[in-house]
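Worksheet: one structure, shown below.
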Amino acid sequence: MTRQKHWTADRIPDQEGRVFVVTGANSGLGLATARALARKGAQVILAVRDEVKGQRVIAQAAADGQGARLEVRRLDLADPDSVRAFADRLRSDGVRPDVLVNNAGVMAPPRTLTAQGHEVQFAANHLGHFALTGLLLDRLAEGDDPRVVTVTSANHRKAEIFFDDPTGERRYSPMGYYNQSKLANAVFGWELHRRLSAAGSPVRSVLAHPGYTATNLQTAAPVGMVKFLFGRLLLPLAQAPDQGALPQLYAATAADVRGGELFGPDGMAELRGWPRPVELAPRATDPATGSRLWELSEELTGVRYALPAAV
């Protein structure tokens with residue numbers, strides 16, 4: 001199938017009867033994603049840490065006639081108990097999601113550890129999504145055109161995973177460990193694709209990155225020079241969330257998407273533009289790195305997938 005140039009949210013197919021879970025959906029890319037899906041008839045679960053902010057989103061969406069298609073449920077990705085409670089509640093309520101969009105993230109805070117002793121960016125951006133996906137995978141496999149869309153960053157190409165110092169105890173850099181978490185997203189998305197394919201699963205694992213998009217990611221957690229650069233100085237170069245969300249919307253809904261693909265903006269340096277397939281870093285598709293991160297993630301989360309290791 002020939003892909004259309006300048007794909008927009010207006011081209012999302014009818015999503016009536018389908019259920020999406022979008023993490024971090026009370027602002028920025030997650031909010032843009034949720035509202036675009038609701039406009040096309042989807043039922044969208046806003047998986048958010050702050051339920052009050054989530055309810056404000058629904059109140060605002062009600063003015064557009066979309067409020068009934070949105071539901072708020074609490075999820076703190078940095079808290080394993082919260083991740084399990086979220087998944088258990090979906091199951092007990094009989095909710096069968098068709099698509100999981102692993103969108104939420106935190107960027108470049110001062111070194112912070114979770115209650116479990118994990119570096120917070122690695123915990124919230126990667127480990128929480130790894131656990132959530134594993135806990136929902138059997139339900140997703142029963143869905144209509146099921147997909148897992150994991151949001152990474154172009155920064156994954158200049159990152160490494162600090163297997164010998166995952167918490168930054170010896171040498172912590174806010175952006176270095178943010179980039180680590182985004183490479184972990186990319187490695188996870190690709191390794192999940194390999195394992196799903198080996199298992200003959202109907203679920204597709206797809207990746208997306210938004211380029212440089214103006215959201216509170218650049219201002220909520222960063223401090224110092226990172227906040228000044230990305231939250232102020234370079235902000236005029238950023239695109240709006242509705243534009244930045246297009247790659248993940250394409251990955252979640254377009255008919256011609258293949259498992260393992262990464263979608264990003266088509267503009268210079270992939271900073272902005274329209275969604276198209278872009279290259280994953282070789283490190284992201286390295287089987288040894290994938291296996292090593294998978295084993296570490298299972299160990300740290302206690303969530304084990306019923307999938308064979310791909311060869």
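Values quoted throughout were computed directly from the atomic coordinates according to the rules given, and no laboratory measurement underlies them. For clarity, every value in this text was computed on a predicted model and none was experimentally measured. Cβ: placed from backbone, ideal geometry, glycine included. Neighbour counts: every protein chain shown.
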- Cβ charges +1 (Lys, Arg) and -1 (Asp, Glu), total dipole of region 11-301, debye: 620
- Item | ³J(HN,Hα), Karplus 6.51/-1.76/1.60, whole Hz, each residue of region 270-285, x for Gly, Pro | 6, 7, 7, x, 9, x, 7, x, 10, 7, 7, 5, x, 4, 6, 9
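Compute the length gained on full extension between ALA115 and ASP64: take 0.36 nm times their separation in residues and subtract their Cα-Cα distance, giving the result in nm to one decimal. Don't jump to the answer; show the numbers that get you there.
Details: separation 51, 0.36 × 51 = 18.36 nm, distance 4.00 nm.
Separation in residues times 0.36 nm, less the Cα-Cα distance, equals 14.4 nm.
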- Task: Can you tell me how much longer the chain between ASP93 and ALA309 gets when fully stretched, taken as 0.36 nm per residue apart minus their C-alpha distance, in nm with one decimal?
- Result: 74.6 nm
- Note on the structure: Within the chain, pairs of Lys residues whose Cα atoms are less than 30 angstrom apart, provided they are eight or more positions apart or on distinct chains, add up to 10
- Query: Within region 132-170, whose backbone N sits under 13 Å from a point 7 Å along Cα→Cβ of SER197?
  - Reply: none
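To check you understand DSSP bridge types, tell me what percent of the beta bridges within region 16-142 (both residues inside) are antiparallel, rounded to 5.
Details: 1 of 14 bridges.
That works out to approximately 5 percent antiparallel.
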- Item | Of all DSSP beta bridges in the chain, antiparallel share, percent nearest 5 | 15
- Item | Inter-label distance for ALA85 and MET268, nm, one decimal - labels placed 7 Å from Cα along Cα-to-Cβ | 4.8
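With runs of 4+ DSSP H residues as the only contributors, calculate the mean residue ellipticity of the chain at 222 nm using -39,500 (n - 2.57) per run, divided by the residue total and rounded to the nearest 500.
Details: 10 runs with 112 residues, N = 311.
Helix contribution divided over all residues of the chain: -11000 deg cm²/dmol.
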- Note on the structure: Along region 91-107, Karplus-curve 3J(HN,Hα) (6.51, -1.76, 1.60; θ = phi - 60°) to the nearest Hz, with x for Gly and Pro, reads 5, 5, 7, x, 7, 10, x, 8, 9, 10, 10, 7, 9, 4, x, 10, 10
- Task: Quote the relative contact order of the chain in percent (integer), defining contacts as alpha-carbon pairs under 8 Å separated by 6+ residues.
- Result: 19
- C-alpha center-to-center spacing [region 55-89, region 264-298] in angstrom: 28
- Item | Leading residue at positive end of dipole, the chain (Cβ point charges), from ALA124, TRP294, LEU37 | LEU37
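Please arrange HIS118, HIS126, HIS209, HIS156 by how many other C-beta atoms lie within 10 Å of their C-beta, fewest to most. Don't skip to the end; give the middle numbers.
On the way: HIS118 21, HIS126 32, HIS209 28, HIS156 24.
Least crowded to most crowded, the residues run HIS118, HIS156, HIS209, HIS126.
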- How big is the chain on each of its three principal axes, counting only the C-alpha atoms and giving the largest first in Å? 51, 47, 42
